[in-house]
1. Would you mind calculating the gained length between Gln297 and Ile141 on full extension (0.36 nm times residue separation, minus the Cα-Cα distance), in nm to one decimal?
2. Taking N as the number of residues in segment 65-155, what is its alpha-carbon radius of gyration divided by 2.2 N^0.38 Å?
3. How many percent of the accessible area of the chain is carbon or sulfur, using a 1.4 Å probe?
4. Show me the ranking of peptides 21-28, 304-311 by mean Cβ neighbours inside 10 Å, starting with the highest.
5. Distances over 18 Å make up what percent of all Cα-Cα pairs in segment 90-247?
6. How much accessible area per residue does the chain have, counting only protein heavy atoms and a probe of 1.4 Å, in square angstrom?
7. Given an 8 Å cut-off on Cα distances and at least 6 residues of separation, report the relative contact order of the chain as a percent.
8. As a test of reading the structure, rank Cys130, Cys339 by solvent-accessible area (1.4 Å probe, protein chains only), most first.
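The values are calculated or read from the model by the stated rules, or taken from the named source; none is laboratory data. Quick caveat: nothing in here was measured; it's all calculated off a predicted structure. In this analysis, Cβ positions are derived from the backbone assuming ideal geometry, glycine residues included, and neighbour counts consider all displayed protein chains. SASA here: full protein model, heavy atoms, side chains in, ligands and nucleic acids out. Shrake-Rupley method; radii C 1.70, N 1.55, O 1.52, S 1.80 Å.
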Amino acid sequence: MSNAELIYLDNAATTFPKPESVYQAMDQFYRSYGGNAGRGGNPLARKAASLVHETRELLKLWLSAPEVAFSPSATLALNTAILGADLGMGDVVYVSPFEHNSVLRPLAHLRKAVGIEVRVLPFDKQTFACALDDVRKQFRIDPPAMLCISQVSNVFGAVLPVDELSLLAKQANARAIVLVDGAQAAGLLLPTMERIDALIFSGHKSLYGPFGIAGLAFGTRWRPQPIFFGGTGTQSDSLDMPAQGMGRYEAGSQNIVAVAGLHAALLWLHEQGREHLQSHLNSLTHALVSALQSIPQATVYTPQQQSGIVSFTLEGISPQAIETALGAKNIAVRAGLHCAPWSHEWAGTLEQGGTVRVSGGWFSSEKEAAHLFDSLKAVV
Ligand code: PMP
């Protein structure tokens, strides 16, 4: 099967395809200037260093963040922010019911290792709205040491009220650390960065870049302790990580071929414009939700929002069987728990094996959504 025949609706796992310029930039990197950034002053190393610098600047602009540290994946970036936050016994961490295991597992580790408490924020099961008044009361009784929430649920596509929750957290405790897992929407939706200590982004998802590059966009002056140690190409006579600068989070050689791809992706994003991307995903979500809701056997677990992600089940057919049946028709979707078990516990979809997630991206069309709908009717 050639990719031309494939209808790819699994953009929440990774966006595909990438803009053509991303492929070209990555190919060109290794052919023409594959040096190691920050490791010496030879021309190739210098060129790689300036590519890293320019990419950082583009990201700061796109994410409205004063400083950006790179990391190989959103998972490792989340580990840095959570484990580097110096949380202690009895500290209360609030999460949404929609968090990914890359948030839940580091928190579970801290619960066992140091005795933090993890509390889940209340969300309405019909509307996906957060009960903000209840949260305000809860924060007053037990102020948050940390709020760690997704920008967009990777299962249901619901957009979380990040601005409102970050305000409530900072009002309840000015020193509360606010972390936002932006793996699914960083750059697409722009929260108020002044109240976000770190927004975690992933290069290969909403930024349309390659695997192997992600990071932390810092909105405030809060910085975690580094949790990885090694060479940075600076202050090499000291056994301590540099006390200042983003290098302290970037131990080891950078994945510069991935940076080259992300650089091209960011130029492409700047060219498209955020509103253009948002409006495309908005129409796509509406098309998907409306089509799915018109199938009597379908239950749709998604509010009409602009993330491009929609979850559903079909009565009497397991999510896995639907994924397989659609796969046989060259339509790529993802069934299961999507590494977010609490989402399914919350929605009551755990026992049936989760949901089927359909996720569109910039390169998905409403025609493809219509094709999915026809194929699903055939499956039913
Ligand atoms: N958070 C969310 C919301 C995600 O959807 C994902 C990827 N599924 C991650 C974190 C982790 O990203 P990665 O696997 O690229 O580290």
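1. 51.8 nm
2. Working: Rg = 14.0 Å, N = 91, 2.2 N^0.38 = 12.2 Å.
This ratio for segment 65-155 stands at 1.14.
3. Working: 8330 of 16130 Å².
After summing per-atom areas, the C and S share lands at 52 percent.
4. Packing proxy ranking, top to bottom: 304-311, 21-28.
5. Numbers: 7692 of 12403 pairs.
Result for the distance tail: 62 percent.
6. It amounts to 42 Å² per residue over the chain.
7. Values: 764 pairs, mean separation 85.9, N = 380.
About 23 percent, as a whole number.
8. Listed by decreasing accessible area, they come as Cys339, Cys130.
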